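Written out below as structure tokens is the structure these notes cover.
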Amino acid sequence: LHLYAAADVNAVERTLAMVKPDGVSGSHVEAIKTLIRDAGFTIAAERYWHFSEAVAKEFYAEHSERGFFPNLVEFICSGPSLALILEKEHAIADWRLLIGPTDSSRAREEFPKSIRAKFGVDSQKNCVHGSDSRQAAIREIALLFEQDQTAKKSMQHDEL
Ligand code: GDP
Ligand code: MG
């Protein structure tokens with residue numbers, strides 16, 4: 001019995017979720033937090049950010065060679081985002097399912113209950129982010145919540 005209990009504790013995952021600038025400026029934060037809790041996630045931490053260009057480029061480094069990269073960096077720096085650490089068994093895969101496909105139009109066609117279907121605009125302004133692997137979750141949580149150099153740039157809610 002103890003072994004099973006230990007295994008269950010180990011199965012709790014953390015993922016990095018984010019309400020992007022279009023979601024914050026569109027006033028979707030509270031609705032999204034309700035969907036998060038209704039799906040069984042615990043919000044372990046949350047922090048508003050106004051991304052600097054340097055942190056945005058580091059956050060999205062895997063896309064640095066893509067044609068949309070300059071637009072993506074500009075969009076992510078265009079206003080405050082809300083970063084959240086979500087906890088739950090299978091948090092990484094389940095949060096990706098809940099947000100839906102990258103392209104909001106495709107989300108509306110194929111996953112109409114997903115967050116991007118409900119609140120996303122297009123393939124860039126898609127309202128939310130989710131880590132796509134355990135390695136990405138660890139990297140993104142460290143970047144937005146644990147590194148001194150970036151923590152200094154975080155915002156308080158009353159600075160919004
Ligand atoms: P995600 O993991 O579903 O967020 O998608 P990706 O990792 O492929 O892309 C990261 C982010 O870049 C997306 O969430 C969008 O905001 C943006 N993006 C992805 N593909 C495109 C695209 O084709 N055009 C534009 N303008 N932005 C894109
Ligand atoms: Mg991605």
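The values are calculated or read from the model by the stated rules, or taken from the named source; none is laboratory data. Because the structure is predicted, anything quoted here is derived from the model rather than measured. Positions of Cβ are backbone-derived with ideal geometry, glycine not excepted, and every protein chain shown enters the neighbour counts.
Some points to look at:
- Residues located in region 61-110, provided they are under 19 Å from F145 (Cα atoms), buried (at least 16 other Cβ atoms within 10 Å of the Cβ) and within 13 Å of ligand 2 (Cβ to nearest atom): I76, I92, W95
- Close pairs from region 114-135: first within 20 Å of A39 (Cα to Cα), partner within 15 Å of ligand 2 (Cβ to nearest atom) and basic (K, R), Cβ under 7 Å, at least 6 apart: N126/R116; C127/K20; C127/R116; V128/K20; V128/R116; H129/K20; G130/R96; D132/R96
- Taken across region 82-96, residues that are over 17 Å from G130 (Cβ atoms) and not hydrophobic (A, V, I, L, M, F, W, C) do not occur at all.
- Region 108-136, residues that are within 14 Å of ligand 1 (Cβ to nearest atom), assigned to a helix (DSSP H, G or I) and more than 15 Å from the chain's Cα centre (by Cα): E110, A117
- The single condition among (1) closer than 16 Å to A137 by Cβ; (2) touching a helix residue (DSSP H, G or I) at 6+ places or on another chain (Cβ under 8 Å); (3) surrounded by fewer than 21 Cβ atoms within 10 Å (Cβ to Cβ); (4) not aliphatic (A, V, I, L, M) that T42 does not meet is (2).
- Any hit, region 86-101, residues being within 12 Å of ligand 1 (Cβ to nearest atom) and farther than 24 Å from E13 by Cβ: no
Matching residues to (1) closer than 16 Å to E46 by Cα; (2) within 16 Å of ligand 2 (Cβ to nearest atom); (3) at pLDDT 95 or above:
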| position | (1), (2), (3) |
| --- | --- |
| K125 | no, yes, yes |
| V128 | yes, yes, yes |
| R134 | no, yes, yes |
| A142 | yes, no, yes |
| Q147 | yes, no, no |
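Residue by residue, here is whether (1) among the small types (G, A, S); (2) in contact (Cβ under 8 Å) with a residue 40 or more places away in the chain; (3) part of a helix (DSSP H, G or I) holds:
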site: A31; (1), (2), (3): yes, yes, yes
site: E65; (1), (2), (3): no, no, no
site: E74; (1), (2), (3): no, no, yes
site: K88; (1), (2), (3): no, yes, no
site: L97; (1), (2), (3): no, no, yes
site: R106; (1), (2), (3): no, no, yes
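- Flag for L82 being away from ligand 1 (no atom under 12 Å from the Cβ), in contact with a Leu (Cβ under 9 Å, 6 or more places away or on another chain) and touching a residue at least 60 places away in the same chain (Cβ under 8 Å): no
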